[in-house]
1. State the number of residues belonging to region 323-336 that are surrounded by fewer than 24 Cβ atoms within 10 Å (Cβ to Cβ) and either of a type outside the set (Gly, Ala, Ser) or part of a helix (DSSP H, G or I) (or both).
2. Note down all Cβ pairs under 6 Å where the first residue falls in region 166-184 and is open to solvent by 10 Å² or more (accessible area, probe 1.4 Å), the second is assigned to a loop (DSSP other than H, G, I, E, B) and among the hydrophobic types (A, V, I, L, M, F, W, C), and they're at least six residues apart or on different chains.
3. Kindly establish whether Ser448 is away from the ligand (no atom under 13 Å from the Cβ), within 18 Å of Pro142 (Cβ to Cβ) and hydroxyl-bearing (Ser, Thr, Tyr).
4. Could we say that Ile299 is buried (at least 20 other Cβ atoms within 10 Å of the Cβ) and away from the ligand (no atom under 16 Å from the Cβ) here?
5. Across region 228-252, what is the total count of residues that are open to solvent by 50 Å² or more (accessible area, probe 1.4 Å) and free of Cβ contacts under 8 Å to residues at least 60 places away in the same chain?
6. Of the conditions (1) of a type outside the set (Lys, Arg); (2) in contact with an Asp or Glu (Cβ under 7 Å, 6 or more places away or on another chain); (3) within 14 Å of the ligand (Cβ to nearest atom); (4) open to solvent by 30 Å² or more (accessible area, probe 1.4 Å), Gly287 clears all except one; give me its number.
7. Taking the condition in contact (Cβ under 8 Å) with a residue 24 or more places away in the chain, more than 22 Å from the chain's Cα centre (by Cα) and within 28 Å of Gln25 (Cα to Cα), does Ser439 pass?
8. Only residues that are in a loop (DSSP other than H, G, I, E, B), under 13 Å from Met459 (Cβ atoms) and in contact with a His (Cβ under 7 Å, 6 or more places away or on another chain): list them for region 19-70, please.
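The values are calculated or read from the model by the stated rules, or taken from the named source; none is laboratory data. All figures in this text were calculated on a predicted structure; none of them were measured in a lab. Cβ placement follows ideal geometry from the backbone for every residue including glycine, while neighbour counts extend to all protein chains displayed. Heavy atoms of the whole protein, side chains included, go into the accessibility calculation; ligands, DNA and RNA do not. Shrake-Rupley method; radii C 1.70, N 1.55, O 1.52, S 1.80 Å.
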Amino acid sequence: MDKKDYDAVVVGSGPNGLSAAITLQQQGLSVLLLEAKATIGGGLRSGELTLPGFIHDICSAIHPMAAGSPFFKTLPLQQHGLEYIQPKLAVAHPFDGGKAVAVYTSVEETARHLGIDDRAYQNLIVPLIEQWPDIENDLLGPLTFPSHPLALAKFGLKALPSVATLVNHFRTREAKGLWAGMSAHSLQPLTNLTTSAIGLVLMIAAHRQGWPLPKGGSQQMANALASYFVSLGGKIETNTEVKSLSQLPTAHAVLLDVTPRQVLKMAGHKLSSLYSWQLNRYRYGMGVFKVDWALDGAIPFTAEECRQAGTVHIGNTFEEIQASEAAAASGKHSDRPFVLATQQSLFDDTRAPQGKHTAWAYCHVPHGSTLDRTEVIEKQIERYAPGFRDRILAKHTFNTEQLERYNFNYIGGDINGGIIDIGQLFTRPVLRSSPYRTSLKGLYICSSSTPPGGGVHGMCGYHAARRALKDVFKKSIQL
Ligand SMILES: Cc1cc2nc3c(=O)[nH]c(=O)nc-3n(C[C@H](O)[C@H](O)[C@H](O)COP(=O)(O)OP(=O)(O)OC[C@H]3O[C@@H](n4cnc5c(N)ncnc54)[C@H](O)[C@@H]3O)c2cc1C
């Protein structure tokens, strides 16, 4: 190979950029990681958004996908400062009238609280939990011939239908509502095919490894990944926004932790016209409106389960959540949006001064929305936690434009790097033999716009780096 400044350059230090950089550096290559902002981490940053001493997760907060990530599990992240805290309950879901259901570690306990849906819950989830070790590598990577086709087909049969179909397995409003909340993480109308998949994956994760949060904030996960990368000899430069590939030092491989629209801006003139056309057709989905609060006390949820859960899904019934998601997808704002709320300081006393608390919440909004949703989000929380507003000391909000300014990957407020509906599920970012390769030799995409998609797990970065290792450096690696 001819002499270059680096073997590889990675642009963007989100969990996928960090994972790609680590995978390459582990092979003894020289790797430079560039980040536009002053702090590394992308969707993993935390900071004092409201008042001094209150540490808020600016983007991601709860980490079932990271805790279960086949790649992260191979890394010595604990030795580099990462400590997971498991809330007593992964998720709680309150209903009008004061009742709530929750996802416990135990399947039996979760099912028992679903009354007449006890058996139906166990029949659905138990076989999938048992089969998970056989199918996780196929599901958390690019589309290839599966290593366990039968197990994958069984999962597919349950994951392919919409949530609107999945809830027909159940009779109670509690079970239907619980599944609607889990599946609404898909950021799509719940009548769309495959919306069951994300609900199933998150439910399996809750029973297998819980929904933990990193002690000290999500930033600690980014710091642990970066610390390990640097310990291997990797180099990081922050405050370096890459506007064009021509800015980069020379390298045999360049991996971009950015979405297709940004790839076009950085490298458009060097890409083939067919590939550029394909990237141009890539679709982004609905956005989010986010609020962080500094509180004088914990959120006073009426239901005991909600006071013990790391995450609370607020949206009442399946029908209400379905209406809220359908509205956001069709460009409308719901007055009773589905709200995802987390309460890290209940379980991690490093997040707020003694006796005080933090809370984090967002709702889905139309792509590109600039409407302030603070009022409706607070109203939804107050609905199940009367007195919540009296505890607010300070707040910070992000609309979709502000989110995109904060992290260029959140196009129109889309936190998944592009919509993951049936039309794009198998073709993100474009239909090609390897989704990570671009049409330019040595240039790869490693962000959540590639398989397996959004969430903090690093698997997009790992697989993109694996592809580059094989193509450019003629090395084959396996987890
Ligand atoms: C409000 C919110 C809540 C979320 N909650 C969760 C959660 O609880 N759990 C979970 O698992 N996931 C959650 N997510 C999603 C998760 O954060 C993302 O899926 C994940 O961070 C994607 O990782 P990535 O590495 O692909 O990209 P990102 O994390 O977005 O990182 C991309 C990085 O590239 C940098 N960059 C972009 N353009 C350039 C450029 N031109 N030059 C240099 N650098 C550049 C950015 O600054 C950024 O640091 C949430 C996201 C948001 C916004």
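1. So the answer is 8.
2. Close Cβ pairs (under 6 Å, with a partner that is assigned to a loop (DSSP other than H, G, I, E, B) and among the hydrophobic types (A, V, I, L, M, F, W, C)) amount to Glu174/Leu114; Lys176/Phe170.
3. No.
4. It is true that Ile299 is buried (at least 20 other Cβ atoms within 10 Å of the Cβ) and away from the ligand (no atom under 16 Å from the Cβ).
5. Adding up the residues that qualify gives 4.
6. (4)
7. yes
8. Ser69
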